[in-house]
Amino acid sequence: MPVADGLGDLYELLGVRRDASEEEIKRAYRARARELHPDTNDGNPEAEAQFKQVTVAYEVLRDPERRARYDRYGPEGVFGAQAGDMGGFGFEGSLSDIFEAFFGQMGGTSGRRRGPQPGADAEVRLALEFSEAVFGCRKDITDCQGTGELRRVRQSLLGQVVTSVACSRCSGTGEMIPTPCPDCRGEGRRMEENTFTVEVPAGVEDGSTLRLADRGAAGQRGGPNGSLFVHLSVTRDPRFERQGDHLNTTLRISFAQAALGTEAEVETLEGTHRLTIAPGTNHGHVERVRGAGVPHLRGRGRGDLFVHVLVETPTDLTQEQEELLRQFAASREEQVSPPGARGGEGVFSRIRSAFG
């Protein structure tokens, strides 16, 4: 079970409502952090553990993308139990592992790291067209297999967070190589570019993150590679508005078509769909085309396409068309403005006449 489950509800950790604003979340964190900070609790391990919990909660909820994934998918959406799952970070370790991913090793010195060392994590951004995100695609990425690391926040609201820094000469191993190899300078790795293909699954959203194991920076002295985090940026399609796995689009029809019914074609992701508009359709009516939305990311099937019908009122009537409409209104005993009236002019003139 991912240790992220042990954090509990992130909103409860900070003592805020689920609809709390960014400022409310910030104020709540300041109060809780001052109360639990290790410097004010004489190294109390329980207070330190709670401090880490509320700090992780704050770092998730202060970021709109992470907060949205947490609200939608829960802890696995942010700390995913599997690599690449829900755009999360794939943590399976302790709370300290999660905490370090946001802030790095906290104050103090760590033990010497001898022998092979794993490589740092790296990140790249990948731009996708809307259809590529919907149906999935294969993209080539050129990644530097040398140094590089995932950007991490190291500044807190309480001031600068002290981090331990490895010795620049021995990289924290406690060992020196007197005559290092000129290619790798004693690190057991060298800088080179590597191009490989990324399989983007169907149904990913803008802001999602894929985690690719062993595609990050090369480890030192034969250590394993780090992970590569691929942040996805999806171009919008002007025809559709995406809501999860559902799509929304609009269909404009005339007053006569709304009143009498019609057949109309609407665009879908894969062409056009013929839609029957029933007589008497009102402005704002929504038709549902099942299975014409986005493929489900974690299962079979697809979302739906919702077609919002907009009834357009004509503004450029000919004299003959206006007369026909007046005859229609008269047959239904409906009151309309007199000929030649513009906007509300006819209404106000009648009011003035009524009061003399």
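The values are calculated or read from the model by the stated rules, or taken from the named source; none is laboratory data. In this text, all values refer to a predicted model and were calculated from it rather than measured experimentally. Quick reminder, even Gly has a Cβ in these numbers, built from the backbone with ideal geometry, and neighbours come from all protein chains shown. In case anyone asks, the SASA skips ligands and DNA or RNA and just uses the protein heavy atoms, side chains included. Shrake-Rupley method; radii C 1.70, N 1.55, O 1.52, S 1.80 Å.
Summary table below
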{"read-out": "Unique match (being at pLDDT 55 or above and either touching a helix residue (DSSP H, G or I) at 6+ places or on another chain (Cβ under 6 Å) or under 30 Å from Arg239 (Cβ atoms) (or both)) among Arg66, Arg30, Arg114", "value": "Arg66"}
{"read-out": "When residues of the range 226-277 are limited to those that are among the polar types (S, T, N, Q), touching a residue at least 12 places away in the same chain (Cβ under 8 Å) and open to solvent by 50 Å² or more (accessible area, probe 1.4 Å), the one nearest to Pro201 (Cα to Cα)", "value": "Ser233"}
{"read-out": "Helices (runs of 4 or more DSSP H) wholly inside the range 1-71 that include at least 2 residues being open to solvent by 40 Å² or more (accessible area, probe 1.4 Å) and without any contact (Cβ under 8 Å) to a residue 40 or more places away in the chain", "value": "22-36, 45-61"}
{"read-out": "Residue that is over 22 Å from the mean Cα position of the chain (by Cα), open to solvent by less than 70 Å² (accessible area, probe 1.4 Å) and at positive phi, where the choices are Gly301, Gly207, Gly291", "value": "Gly291"}
